[in-house]
Structures are given as C-alpha cells and as structure tokens.
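**Student:** Can you read through this structure? Questions will come right after.
No value in this document is a laboratory result; all are computed from the given coordinates. As the structure is a computational prediction, the values presented were derived from the model and not from experiment. When we count neighbours, we look across all protein chains shown, and the Cβ atoms used for this are built from the backbone with ideal geometry, even at glycine.
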Amino acid sequence: MFDSGFGGLTVARAVMDLLPDEHLVYLGDTGRYPYGPRPQPEVRDFALEIADTMVDRFDVKAVVVACNTAAAAALDTLTESLAVPVIGVIEPGARALIAATRNRRVGVIGTVGTIGSGAYQRAVEATNAQVDLTCAACPGFVEFVERGETTGDQVTVLAERLLAPVCDADVDALLLGCTHYPYLARTISDVMGRNVVLVSSADETAFEVRVVLDATGLARKGGCGGATHRFLSSGDVAWFEEIGRRLLGPELDHAEAIEWA
C-alpha cells in the first residue's frame, strides 16, 4: 500500500481492522510529498516506481493505491503493467457515494490534482446513476491535518470558503476524495450541516481488498500466525513516525527508510 505521505494511513487502518491476518507494507513517499500540485505524468512515474519496488523488493501479492492523486493519475497504467492485483480508492468511494444519496445531489472534494484529473467525475458517471455531481478542490486541508490542526477557527474559515460550492449545490452526500480528509470530518460536517452524509473511501477500499483477495485465492488464512506490518518512508523517518503514530495508532512504532535506486 502506498501514498504520497500520511493520508493513506486511513486506508491502512481500515485494512488492518478488517483483515487482521494479512501482512501489510505501507510506503509513504514523504520525500516527494505532496503529490496534489504535481503534474499527472510526474505522479504517474512516481506511482510506477513505487509499485515496481513493492513487487520486486517486498514480494507483495497485491498493491493498494491509497492515494487519490496517484490513483487518478496511474491506476489504469499500474493495472496493465503489474502482475498482481491493483486496487484504488476512487471507484469504491464513488460507489459508496451513490449508495448514500437520497436527493440525488452529491459532491466530491479532493486535492487540486485529483479534482482536475476528472477521475471522480468519470467514476460517478460509470455507475450510470442519475445524479448531479459537484466537485471542489480543497488546497490547504492536507497541510492542516499534518500539522495536527483538525479543528479551530483557521481550519473552519478555510473549510467554509472551500466547501461553498458543494454547500450551494445542496448535496446530501459528500465524498472525502483525499485520504487525509477523514481527519477533518468534524470540521467538514460542521460546515456542511448534520444532514449531509460524509463518505470516506477507506472502509470501502478495505472491503474491495477483501473481495479481491478472496476471489483470487490470495487471502491469508486465519490461524497462520500474527500479521506483520512494515512502514516505510522516503523522507524524514522520525517525522513520519511521529505523525504516522498519531494518525494510525500504536501499530506504527517503527518506520524504515527507503531510497530509490
């Protein structure tokens, strides 16, 4: 599983809880973080490099792209080029969003790169659901999360400004299209109103992982011994451990440095 940094730990947490027998290797590419403002071809190259490394160096049996920006830029390419199953966060999230709406007006928020890619627009369209979709980019949210500022006046003011388009569209279901955003759920909910359902793709992605592993016969059987979890960072390992432990929990007690060949 990989992400540009820390947001994918929401997906890791969901997978660890749902599939406690599975070994997990999580790579946070903090040395090249953030992905959101980068051009898609550059993000695609990063994703290919990371996925190849995980398959070749760590012998993983499946790859989870736990980063909306990377999934938008590279999921199709990764699926075609890798010999193992590849699971992204976009399609599971889009399906959950459609299932949550009542008034058929839905919203997606994400990084500039994710929203600009049109990936969620295409994923929602692919469901053939008759809904009105409003998308909004939310630059600045990721930085607040990684500073540990998930509530307070500053983040609320920013949220009110950035979420105005989806508020004005009267959506009743909002997909948090960045894996950092669940940490801002309280603030986002306060701004959107309690009648708006917030949808996180983390749980839906974990369910998708279980389905894929079961369908391909790759699932690890229970009773085989405790699962091991490895956490890797391409940047400052101490910083990754500090923030990652706060976001994921005590399982992230140690991280390893990784360098690109």
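**Student:** In what sequence, highest mean first, do 6-15, 158-167, 66-75, 195-204 appear when ranked by Cβ atoms within 10 angstrom?
**Tutor:** Working: 6-15: 26.7, 158-167: 17.2, 66-75: 29.4, 195-204: 20.9.
Top to bottom by mean Cβ count within 10 Å: 66-75, 6-15, 195-204, 158-167.
**Student:** Shifting gears a bit: Below 8 Å between Cα atoms, with a sequence gap of 6+, how large is the relative contact order for the stretch 119-206 in percent?
**Tutor:** Working: 75 pairs, mean separation 26.2, N = 88.
Once normalised by length, the contact order is 30 percent.
**Student:** For Val64, enumerate residues with amide H under 5 Å from its amide H, sequence gap 5+ or separate chain, H modeled in the peptide plane.
**Tutor:** Amide H neighbours of Val64, under 5 Å, 5+ apart: Phe2, Ile87.
**Student:** Could you work out the local net charge near Asp214, counting Lys and Arg as +1, Asp and Glu as -1, over the other residues with Cβ closer than 15 Å to its Cβ? Present the calculation step by step, with values, prior to reporting the outcome.
**Tutor:** Details: positive: Lys61, Arg210, Arg220, Lys221; negative: Asp21, Glu22, Glu208.
Neighbourhood net charge equals +1.
**Student:** With θ set to phi - 60°, apply the Karplus curve 6.51 cos²θ - 1.76 cosθ + 1.60 along the stretch 97-112 and write out the HN-Hα couplings as whole Hz, x wherever there is a Gly or Pro.
**Tutor:** In residue order, the calculated couplings are 4, 4, 5, 8, 7, 10, 9, 6, 10, 10, x, 9, 10, x, 6, 4 Hz.
**Student:** For the stretch 126-192, just list the percent of Cα-Cα distances falling in each 5 Å bin from zero outward, please.
**Tutor:** Going from the shortest bin to the longest, the percentages are 3, 17, 29, 25, 14, 7, 4, 2.
**Student:** In whole Hz, with x marking every Gly and Pro, tabulate ³J(HN,Hα) for the stretch 116-127 from phi via Karplus 6.51 cos²θ - 1.76 cosθ + 1.60, θ = phi - 60°.
**Tutor:** Here the 3J(HN,Hα) series is x, 6, x, 5, 6, 4, 5, 5, 5, 4, 5, 6 Hz.
**Student:** Then there is this: In debye, nearest 20, what is the charge dipole magnitude of the chain about its Cα centre with +1 on Lys and Arg Cβ and -1 on Asp and Glu Cβ, if you could check? Provide the component values of the computation, followed by the final result.
**Tutor:** Working: 21 positive and 36 negative charges, 117 e Å.
The calculation lands at about 560 debye.
**Student:** If the chain between Ala238 and Asp59 were fully stretched, how many nm would it gain, using 0.36 nm times the residue separation less the Cα-Cα distance? Walk me through the intermediate numbers first.
**Tutor:** Values: separation 179, 0.36 × 179 = 64.44 nm, distance 2.56 nm.
Full extension of this stretch gives 61.9 nm more.
**Student:** Given C-alpha coordinates of the stretch 1-153, what is the ratio Rg to Rh with the Kirkwood estimate of Rh?
**Tutor:** Working: Rg = 15.7 Å, Rh = 16.3 Å.
Result for the stretch 1-153 is an Rg/Rh of 0.97.
**Student:** Short version: ³J(HN,Hα) in whole Hz for each residue of the stretch 25-32, in order, from phi by Karplus 6.51 cos²θ - 1.76 cosθ + 1.60 (θ = phi - 60°), x for Gly and Pro, what are they?
**Tutor:** Per residue, the Karplus-derived 3J(HN,Hα) values read 10, 10, 10, x, 7, 5, x, 10 Hz.
**Student:** Working out 0.36 nm times the residue gap between Arg186 and Thr127, then minus their Cα-Cα distance, what length gain in nm do you get to one decimal? Write out the running numbers ahead of the final one.
**Tutor:** Numbers: separation 59, 0.36 × 59 = 21.24 nm, distance 2.85 nm.
Answer, rounded to one decimal: 18.4 nm.
**Student:** Next question. Stretch Thr79-Glu259 to full length: gain in nm at 0.36 nm per residue minus the Cα-Cα span?
**Tutor:** Details: separation 180, 0.36 × 180 = 64.80 nm, distance 2.39 nm.
Once the chain is fully extended between Thr79 and Glu259, it gains 62.4 nm.
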